[in-house]
Structure formats: structure tokens, C-alpha cells
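Trainee: First the structure, which I've put down as C-alpha cells, then a few questions once you've had a look.
The values are calculated or read from the model by the stated rules, or taken from the named source; none is laboratory data. Keep in mind the model is a prediction, meaning the values are calculated, not measured. With ideal geometry, Cβ positions are generated from the backbone for all residues, glycine too; neighbour counts draw on all protein chains shown. We work out accessible area using only protein heavy atoms, side chains counted, and drop any ligands, DNA or RNA first. Shrake-Rupley method; radii C 1.70, N 1.55, O 1.52, S 1.80 Å.
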Amino acid sequence: MHRLWIILGFLSAVGLLSVGVWTYAYRQALSQLSEKAEADLELAADRLSTQMQVYQELAVLMADHPGLRTLEDASQKRAARLLLLDVADKTAAVNIMYLDRKGQVLAAAQPTPQPSLAKHPAFKRAMQGALGTAHGVMPNSDDRTYSYAAPSFGPFGEIEGVLMVVADVQDVEQTWRGSTEAVFFVDSDGIVFISNRSDLLFWQRSEGQPGLVPPNGGSVDFASIHVGVHEVWKLNWGRYLPNRALHLTLDLPVIDMTAEVLVDVAPARRLAILQAAAVAAICLAFGAFLFLATERRRALSEANAVLESRVAQRTRALTAANTALRHEVSERQEAEAALRQAQAELVQAGKLSALGKMSAGISHELNQPLMAIRQFADNGSAFLDRGNESRAGENLGRISEMAARMARIIKNLRAFARNESEPMGRVDLVQVLNTAVELTETRLRTDGVDYDWEPPTTPVWVWGGEVRLVQVFVNLITNAADAMEGSQNARVKITLHTDRRPRVSVRDTGPGIEDPDRMFEPFYTTKSVGSSEGMGLGLSISYGLVQSFGGDIRGRNTPEGAEFTVELDPYTKEKAA
Ligand code: ADP
């Protein structure tokens with residue numbers, strides 16, 4: 001809507017400008033036309049008056065001709081007539097007459113229809129001593145004539161007669177008929193007497209009216225308008241006259257007429273229209289260019305706005321998603337922390353459960369060296385009594401050995417039961433397996449289980465926590481012992497492979513795993529409440545621990561029994577960093 005108004009406004013502005021340009025250009029062209037027309041008019045008037053002047057001067061000169069002075073007898077009159085005829089032939093005058101003071105024709109080149117010209121205005125004027133002029137139409141024909149009458153003075157200045165020259169206007173007109181502009185001469189009565197357009201002859205000007213009406217008095221199209229200082233006639237007077245014409249006048253007091261010209265203004269109008277059209281075309285082209293440019297800009301900014309709003313929308317959506325994600329992350333972190341806490345608690349519970357299971361074995365294990373220490377002490381004192389000091393010393397040495405063994409067992413137990421999150425780092429897998437075997441040795445021996453463990457001589461460094469790794473292997477060995485309880489040829493084989501990733505397998509000769517898919521689930525147990533009741537936590541805790549070291553734990557059945565494998569990451573400098 002807004003655009004429509006702008007376009008309409010622009011178009012009307014261009015229209016106004018074009019009208020302005022047209023008016024200005026038209027006036028300019030009219031001014032130029034007017035200058036030319038003025039020159040044409042002057043030229044036409046000059047021509048007419050120059051040609052008429054011939055007859056005027058003829059009248060003046062011939063008036064004093066000696067051949068016309070005395071016209072008493074017939075021979076004198078004949079001589080005078082021949083003279084006048086000769087002059088008339090040479091000057092192309094219609095007639096030349098010599099009149100007496102009463103207006104009677106004394107001599108004439110051509111015979112005259114009326115003998116007295118006393119009432120002729122030119123004669124009357126000449127009788128007053130001045131040069132008389134008159135125009136009129138010949139009575140018997142349509143020929144227009146223009147007459148000059150000059151007085152002929154006697155020796156004392158008195159008027160003796162009048163010489164009258166009658167000229168044919170048509171002869172004069174003939175010489176400028178080819179002239180392009182319509183020129184006409186209007187006499188003091190307002191009648192068109194001379195013109196290069198014969199259609200216009202005898203048209204009349206009514207009193208106070210600018211235009212002309214035909215001689216028969218009929219009405220014709222006419223309007224006079226003023227364009228600036230110029231007067232333009234609108235008319236429809238036949239095909240030899242323009243429809244719109246610039247009208248100029250020039251007063252000619254010498255012949256008592258007004259010269260007028262009508263110049264076609266069509267070229268001026270065409271020029272003005274051309275100029276206005278050029279200006280309008282330039283403006284329209286410029287406007288169209290401007291319009292297209294703004295349209296393009298508008299489309300671009302609209303597209304931009306759409307894009308921006310889309311970006312804003314997307315940003316909002318992303319921000320929302322981000323917040324949601326952060327929320328989820330923090331929830332997850334909380335859940336992980338809770339899980340870790342639960343895991344830690346489970347680990348401790350598993351350890352305590354293992355300790356409970358081992359307590360009988362441990363008390364037996366501690367009791368045995370204690371009994372031996374007692375025996376060695378008794379023996380030692382007996383040897384001392386007998387004065388056998390070397391045997392007594394031997395027994396004291398055995399006592400010391402036993403005490404050291406007990407101290408080692410207690411140290412392992414303490415470390416195993418301690419609930420502290422030890423840092424991860426470099427752990428010797430050989431040492432870990434030694435400790436696990438040591439902690440379960442008594443139990444295995446009590447159950448009559450053979451174990452097969454040959455520790456390598458060099459340490460195998462892996463990534464993990466020592467106490468937790470010990471717990472894993474204690475679990476595996478204890479589970480093997482549990483599975484083989486009461487069976488013949490019970491045997492646990494522990495092997496450490498170092499060919500690729502460090503790997504420990506614990507194989508037994510028990511009945512095998514009942515449900516390999518579920519054994520790692522917490523609280524899954526097949527052990528009935530009784531001597532070796534289970535909590536179903538050992539394997540799930542071991543699984544979690546090995547995973548936390550970046551390792552892997554698997555279990556499968558072999559033809560002899562079950563096999564559990566623990567794979568661990570080797571310790572490297574990069575890993576530590
Ligand atoms: P628990 O020992 O308290 O039952 P675990 O998680 O250590 O809990 O073991 C889960 C179950 O996996 C056991 O109850 C048993 O059925 C099975 N299992 C574990 N080790 C062995 C094995 N060496 N041979 C056969 N079955 C085993």
C-alpha cells in the first residue's frame with residue numbers, strides 16, 4: 001500500500017515535471033518561431049510596399065509630364081493617350097488616367113467605364129494637394145486594384161489636374177505566392193485585401209474581435225489563446241491553413257493596412273513534446289532503476305531478517321538443549337558419585353565377607369605357629385637346662401621364624417581389611433599373586449586342594465591398586481575352592497602369561513559355572529546358606545575393580561572345570577603421566 005502511494009506520487013511528479021518542461025519548451029520554441037515569423041512578415045510587407053512604390057512614384061513623376069499639360073485638341077489628346085498607354089504597358093499598370101479638376105477623364109491608357117471620378121477617395125485626397133491612395137474592386141470583374149493619385153501643379157502652385165495610376169494587386173501577389181507562411185493584409189475596414197492564400201481574400205474582422213469571418217458571414221471554428229506573450233489562433237479554415245498558428249501583426253501606415261501572418265506551431269509543439277517525453281523517459285528510467293534497487297534491498301533485508309530470526313530461534317533451542325544437557329551431566333555425575341560410593345561400600349562388604357570366610361583358616365594359621373612357638377620355647381628351655389646351648393639357640397631361631405611368619409600374615413590381613421582408597425599406580429602382579437596365594441593357602445590346605453603357582457623371577461608391572469587386585473585374586477581362588485569342596489583331585493592352577501597384555505588365569509577342576517551369563521550380577525549366588533554361604537558379591541565387585549583399572553575379567557567352562565581370566569594394562573610411563 002505504502003509502495004503504491006510512492007509510485008503514484010512519483011508518477012504524478014514526473015507528469016508535473018513533463019508538463020512544466022513542455023510548457024517551457026513550447027514557449028521557447030514559440031519565441032524562436034515568432035522571431036522568424038516577424039522577419040517573414042517584414043519581408044512580405046517590404047516586398048509589397050516596394051512594388052507598390054513603383055506605381056506611387058510613377059504617379060508623382062507622370063503628374064508633371066509636359067505631354068499632359070495642354071489637352072485642347074484631339075491630336076493632343078491622342079498623343080497624351082498614346083503616352084499613357086506606352087507607360088502603362090511598360091509598368092504593367094492596369095490603367096493610367098489624367099483627370100481635370102472636376103474629376104473628368106481627359107486622357108487614359110484604357111477606356112474607362114465611368115467618365116467622372118470626382119467621388120474617388122484618391123482623387124479627393126489629390127485635390128487637397130497630397131498623394132491619394134485607394135483600393136477597391138473593379139466594377140465589372142473581381143480584379144482588385146490599388147490606385148495612386150498625384151496632383152499636377154500649375155506655375156503658381158494651383159492644382160491643374162490629377163494623375164491616377166491603377167495597379168492590379170493580383171500581379172503583386174503573384175510574386176510571393178510560393179511563400180510558405182500565410183500572410184494577409186487587412187485594410188482599415190477590417191477586410192482582407194491582399195493575401196498569398198486566396199481562400200482568405202475578403203474575409204472580415206468584426207469590430208473588436210481578433211479573428212476573421214468569411215465574406216458570406218458564415219460561422220467558422222476560431223479561438224484565440226495566449227501562450228506567454230504569444231498569441232496562438234486555433235482554427236479550422238481549410239487545408240492551406242494550419243490548425244494552430246502563431247499570429248503576428250505589423251502596422252503599415254504607408255499603405256494604410258495591417259500585415260498579418262499565421263505560422264504553423266506544430267513543429268514547436270512536436271519539439272516541446274519530444275523534450276518533455278525525453279525528460280519523462282529519463283525520469284521514469286531513473287525511477288524504475290531506483291525502484292528495482294530499493295526492491296532488491298528490501299528483499300535482501302527481509303531475507304536477512306528471516307535468517308536472523310531463524311538463527312535466534314536456533315540459538316534459543318541450542319541454549320535450551322545445552323542447559324538440558326548440563327542438567328543431565330550433573331545428574332549423571334551425581335549418579336556416578338552415588339555409584340562409586342555404593343561400589344566402595346560393596347568392596348568393603350565383599351572384603352569383610354571374604355574375611356569372615358577366611359577367619360577359621362586364619363585362626364588356624366595363626367594358632368599353628370603359636371603352638372609351634374610354644375613347643376620350640378619348651379624345647380629351648382629344656383636344652384638350656386641341659387646346658388645344650390647350641391640346640392637352645394636353634395630353637396630360638398625357629399621361634400623367630402614363626403613370629404615373622406605370623407607378622408606377615410597379620411600385615412596382609414590388615415592391608416586387606418583397610419578401607420581406604422589407595423591410589424592407582426605401578427603394581428607388581430607377581431607380588432599380588434603371592435599375597436593372594438598366601439592369604440588363601442590355609443583354606444586350600446584345609447580343604448585338601450592342591451594349588452599350582454610358579455611365580456616368575458622378575459616382576460610384572462601392571463596398572464592398578466595392589467590391595468584391590470589382591471582382593472580380586474583372593475575372590476577367584478576362594479570361589480574355586482568353594483566350587484571344588486568335597487570333590488576328589490581338587491586342584492587350582494594359577495598361570496601368569498606375559499606374552500601380550502599381562503594375563504592371569506585361575507583354573508579349577510570343579511563342576512564348572514552354572515550360569516555364565518549371570519555370574520557377574522550382584523547378589524547372584526548358587527551357594528546355599530551353610531558352611532560356605534555366599535553373598536553373590538565377590539565376582540561383581542571383582543568385575544568393577546578390574547574395569548576400573550582398564551582391564552578385563554572373563555569366565556568360561558573348560559572340560560575339567562571353570563577358568564577365570566583377568567587381563568590388565570601393562571604399566572608404562574605414558575600411562576602414569
Ligand atoms: P558367591 O561366591 O558369594 O556366591 P560370587 O559372585 O563370588 O558370589 O560368585 C557367584 C556365583 O558364580 C557363585 O555362586 C557360583 O555359582 C559361580 N561361580 C563362581 N566361581 C565359580 C567357579 N570357580 N566354579 C563354578 N562356579 C563358580
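Trainee: Could you list all residues from the range 499-516 that are away from the ligand (no atom under 11 Å from the Cβ) and open to solvent by 80 Å² or more (accessible area, probe 1.4 Å)? Spell out how you get there, then give the answer.
Mentor: Taking the range 499-516 and keeping what is away from the ligand (no atom under 11 Å from the Cβ), we get 499-505.
Correct list: 499, 500.
Trainee: It is to be established whether one or more residues within the range 543-555 are closer than 21 Å to residue 470 by Cβ, part of a strand (DSSP E or B) and touching a helix residue (DSSP H, G or I) at 6+ places or on another chain (Cβ under 7 Å).
Mentor: There is at least one residue in the range 543-555 that is closer than 21 Å to residue 470 by Cβ, part of a strand (DSSP E or B) and touching a helix residue (DSSP H, G or I) at 6+ places or on another chain (Cβ under 7 Å).
Trainee: State which residue is surrounded by the most Cβ atoms within 10 Å (Cβ to Cβ) when the search covers only the range 480-498 and only residues that are within 15 Å of the ligand (Cβ to nearest atom) and of a type in the set (A, V, I, L, M, F, W, C).
Mentor: Ranking the qualifying residues of the range 480-498, first place goes to 480.
Trainee: Residues that are under 26 Å from residue 132 (Cα atoms): find the strands (runs of 3 or more DSSP E) completely inside the range 179-261 holding 2 or more of those.
Mentor: Here the list reads 182-187, 192-195, 244-252.
Trainee: Mind checking which residues of the range 193-204 are open to solvent by less than 10 Å² (accessible area, probe 1.4 Å) and under 14 Å from residue 143 (Cα atoms)?
Mentor: Matches in the range 193-204: 193, 194, 195.
Trainee: So if I check each of 196, 216, which one is more than 21 Å from residue 47 (Cβ to Cβ), at pLDDT below 90 and more than 56 Å from the chain's Cα centre (by Cα)?
Mentor: Of 196, 216, the one residue that is more than 21 Å from residue 47 (Cβ to Cβ), at pLDDT below 90 and more than 56 Å from the chain's Cα centre (by Cα) is 216.
Here is a yes/no grid of residues against (1) open to solvent by 10 Å² or more (accessible area, probe 1.4 Å); (2) within 13 Å of the ligand (Cβ to nearest atom); (3) more than 30 Å from residue 573 (Cβ to Cβ):
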residue: 451; (1), (2), (3): yes, no, yes
residue: 478; (1), (2), (3): yes, yes, yes
residue: 538; (1), (2), (3): yes, yes, yes
residue: 554; (1), (2), (3): yes, yes, no
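Trainee: I've got another one for you. Looking only at the range 238-297, which residues are closer than 17 Å to residue 43 by Cα and open to solvent by 90 Å² or more (accessible area, probe 1.4 Å)?
Mentor: Scanning the range 238-297 gives 251, 253, 254.
Trainee: Being basic (Lys, Arg), away from the ligand (no atom under 16 Å from the Cβ) and part of a helix (DSSP H, G or I) is the filter here; which residues of the range 353-406 pass it?
Mentor: Those that are basic (Lys, Arg), away from the ligand (no atom under 16 Å from the Cβ) and part of a helix (DSSP H, G or I): 374, 391, 398, 405.
Trainee: I'd like to verify a number: residues in the range 230-254 that are modelled with pLDDT of 90 or more and among the β-branched types (Val, Ile, Thr), how many?
Mentor: The total comes to 2.
Trainee: In the set 330, 353, 363, which member is modelled with pLDDT of 80 or more and either farther than 30 Å from residue 475 by Cβ or surrounded by 10 or more Cβ atoms within 10 Å (Cβ to Cβ) (or both)?
Mentor: None of the others qualify; the one that does is 330.
Trainee: Just to be sure, is residue 472 at pLDDT 90 or above, away from the ligand (no atom under 16 Å from the Cβ) and either among the basic types (Lys, Arg) or open to solvent by less than 10 Å² (accessible area, probe 1.4 Å) (or both)?
Mentor: Considered against the rule, which asks whether it is at pLDDT 90 or above, away from the ligand (no atom under 16 Å from the Cβ) and either among the basic types (Lys, Arg) or open to solvent by less than 10 Å² (accessible area, probe 1.4 Å) (or both), residue 472 comes out as no.
Trainee: Going by the structure shown, is residue 292 at pLDDT below 95 and more than 30 Å from residue 12 (Cβ to Cβ)?
Mentor: Against the criterion (at pLDDT below 95 and more than 30 Å from residue 12 (Cβ to Cβ)), residue 292 does not qualify.
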